[in-house]
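Heads up, the thing below is written out as structure tokens.
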Amino acid sequence: MEILPNLKFEYLHRDEGNYKIYGVVIFRNPENITIAEAEASIKANLIDQQYFYPKEMKIPLFNQHSEIGVYFTDWYEYWQISVTNEKSSEPRTIKAFIKDLEKVCS
């Protein structure tokens, strides 16, 4: 069985002026989860299938937000997930991330 490449989780923050900051987390995919499976599982557990609190999901805060600390409660927005050959930037696999998402959102 061929192991699929890593999966790139892309997200953004949209401020009151509609300015956007984009971020990326690269997850390993040893379980061979397809893009369609990953996206369906992720969206099923997001607020309105789109939003999440980054601190609860252990997604890195953007530098602009890290100084706000515990008072930062704004949502980040899911953008897309795609296949990548880029090196993993996260110790969790995509399956572990989805499992954490299910715990936080249930």
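Between rounded, prolate and oblate, where does the range 1-52 land on the alpha carbon gyration tensor, with a ≥ b ≥ c its root eigenvalues, rounded for a/c under 1.5, else prolate if a/b exceeds b/c?
oblate
Just the accessible area per residue of the range 18-64, please: how many Å² with a 1.4 Å probe?
Accessible surface, normalised per residue, equals 59 Å².
Could you sort 34-47, 10-23 so that the peptide with the highest average Cβ count within 10 Å comes first and the rest follow in order?
Per-residue mean Cβ counts within 10 Å order the peptides as 34-47, 10-23.
The values are calculated or read from the model by the stated rules, or taken from the named source; none is laboratory data. Computed from a prediction, not measured in an experiment: that's the story for all the values here. All Cβ positions, glycine included, derive from the backbone under ideal geometry; neighbour counts span all protein chains shown. Please note that ligands, DNA and RNA were not included when accessible areas were found on the heavy atoms of the full protein model with its side chains. Shrake-Rupley method; radii C 1.70, N 1.55, O 1.52, S 1.80 Å.
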